[in-house]
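J.: Let me begin by handing over the structure; questions about it come next.
The values are calculated or read from the model by the stated rules, or taken from the named source; none is laboratory data. Please read these numbers as outputs of a predicted model, since none were measured by experiment. Cβ: placed from backbone, ideal geometry, glycine included. Neighbour counts: every protein chain shown. What goes into the accessible areas is simple: the full protein's heavy atoms, side chains included, and nothing from ligands, DNA or RNA. Shrake-Rupley method; radii C 1.70, N 1.55, O 1.52, S 1.80 Å.
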Amino acid sequence: MHLQSALGLKEELNDLFASKRDDEPPRSFAIGVAPGSQPLQFALAVRAASPQDLTESDLSLMTARASGEIDIRFTGGIRALGSAAATLIDGVRIGASVAHHRCSAGTLGFFAVAHDGTIGLVSNNHVLAICDEGEEGDDIVQPAPSDGGERPRDVIAHLEGTYPRLRQANARVDCAFARLTSGVRYDGLGLEGARKLSIIPAHPEEREEVCKIGRTTGTTYGQISAFELDRVVVNYARWPIRFNGQIEIQSLDGKPFSRGGDSGALVFSRDGNQPIGLVFASSLLGGAGNVGLTYANPIDDVLAELGVTLLS
């Protein structure tokens, strides 16, 4: 089906499931859009933790409404990416180890400019603001504490306290912005080798093959397997959060696209280095090799919620 038809079907089904009777089981699966079998064609994406989370009647209804153009995957639980001791990327640049001074470790996603012209870095809320606990001016260290970062020696930035909170209805982003301290040297657009990040974002329906540079796994390659996913339940240490409008990525080489410590990594197009999303979670199962799927916030939502623009 065409993209607009797939998006319209997703909204139609969201409304339908929202209006189900109180005596019917609550919906426990996500719905979005997946690339189709042909260029410029799309399918309905359905994601559930296990087959038990999809009733036969719900599955039959969605399959009929999609005229069989449906992509169903079982993910196991989806969790926010924590830290893991592995490859350490040095330097204040995209993909570097970074975190709040009381956090473990995450990844520097990209550099951005605030409305007042201040230059800073972007990563996840749960990396820079320890899941809504961070306050204005808190110290951000590079490398992250799990990688030996300490205060005051390794402080490179200070948290902007107006970051979007995780615990809100209809969450769309897990992100925060931190202002770079005076005198910190950084490589604003450098990727790997001589590659440079484009300042023109791409939309997930336009770029199927993507890359990311993470603190733990370095550069990995993947393919967008769904986008505009609604009601994606992500388990954090203290509570689950339900997200709308998310991007899903599967690995291209049988290894996980992301692991713990890659939280906050920027997803960008493989052929044009265009920003697409911000990594924040992964599933236990699913994707090529059943090594799990990665989830990312759309870059446009991240920039809008933080009130920043990409550094040029």
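J.: In what sequence, highest mean first, do 287-294, 190-197 appear when ranked by Cβ atoms within 10 angstrom? It would help to have the intermediate numbers written out before the result.
T.: Values: 287-294: 20.8, 190-197: 13.5.
The packing order, highest mean first, is 287-294, 190-197.
J.: Largest first, how would 1, 62 line up by accessible area (1.4 Å probe)? Please report the intermediate quantities before stating the final value.
T.: Values: 1 30, 62 0 Å².
The ordering from most to least exposed comes out as 1, 62.
J.: Under a GNM of the chain (C-alpha, springs under 10 Å), which listed residue has the highest mean-square fluctuation: 264, 106, 82?
T.: Fluctuation is largest for 82.
J.: Taking the highest mean first, how do the peptides 96-104, 198-206 order by number of other beta carbon atoms within 10 angstrom per residue?
T.: Details: 96-104: 24.4, 198-206: 16.3.
Those peptides, ordered most packed to least, come out 96-104, 198-206.
J.: Measuring from centroid to centroid over Cα atoms, what is the spacing of the range 274-312 and the range 97-146 in Å?
T.: First find each Cα centre; the distance between them is then 16 Å.
J.: At a probe radius of 1.4 Å, what is the per-residue accessible area of residue 162, in Å² to the nearest 10?
T.: 110
J.: Counting only C-alpha contacts under 8 Å and six or more residues apart, can you give the relative contact order of the chain as a whole percent? Let's see the in-between values first.
T.: Numbers: 846 pairs, mean separation 61.3, N = 312.
Taking the mean separation of contacting Cα pairs over the length of the chain, I get 20 percent.
J.: Testing the spin-label approximation: label points 7 Å from Cα along Cα→Cβ at residue 194 and residue 162. State their distance in nm.
T.: Those two pseudo-labels are separated by 4.1 nm.
J.: Can you give me the long-range amide H partners of residue 226? Hydrogens built in the peptide plane at 1.01 Å from N, cutoff under 5 Å, separation of 5 or more residues or another chain.
T.: Those lying under 5 Å, H to H, from residue 226 are 248.
J.: Here is a further query. What nm distance separates the two modelled labels at residue 55 and residue 133, each placed 7 Å from Cα along Cα→Cβ?
T.: It works out to 4.0 nm between the two label points.
J.: When ranked by the protection proxy of mean other Cβ atoms within 10 Å per residue, highest first, what sequence do the peptides 171-177, 69-75 form?
T.: Values: 171-177: 26.3, 69-75: 19.0.
Descending mean neighbour count gives 171-177, 69-75.
J.: Here's another thing I want to ask about it. Compute the relative contact order of the range 108-199 as a whole-number percentage, counting only Cα pairs closer than 8 Å that sit 6 or more residues apart in sequence.
T.: On the way: 151 pairs, mean separation 26.3, N = 92.
That works out to 29 percent.
J.: What nm value, rounded to one decimal, do you get for the distance between residue 15 and residue 153 when each label is placed 7 Å out toward the C-beta?
T.: Each label point lies 7 Å from its Cα, and together they span 6.0 nm.
J.: Next up: Where Lys and Arg each count +1 and Asp and Glu each count -1, what net charge lies around residue 81 among other residues with Cβ under 11 Å from its Cβ?
T.: Net charge in that neighbourhood comes out at +1.
J.: Leaving ligands, DNA and RNA out of it, report the carbon-plus-sulfur percent of the accessible area of the chain at a 1.4 Å probe. Mind showing how you got there, number by number?
T.: On the way: 6300 of 12940 Å².
Of all accessible area on the chain, carbon and sulfur atoms account for 49 percent.
J.: In percent, what relative contact order does the range 194-286 have, based on Cα pairs under 8 Å that are 6 or more apart in sequence?
T.: Details: 184 pairs, mean separation 31.4, N = 93.
With pairs under 8 Å counted, the relative contact order is 34 percent.
J.: For the chain, what is the charge dipole size about the Cα centre, in debye to the nearest 20, if Lys and Arg each add +1 at the Cβ and Asp and Glu each add -1 at the Cβ? Don't jump to the answer; show the numbers that get you there.
T.: Working: 28 positive and 39 negative charges, 120 e Å.
My answer is approximately 580 debye.
J.: With just the Cα atoms defining each centre, how far is the range 201-269 from the range 51-70? Give it in Å.
T.: A separation of 25 Å, based on Cα centres.
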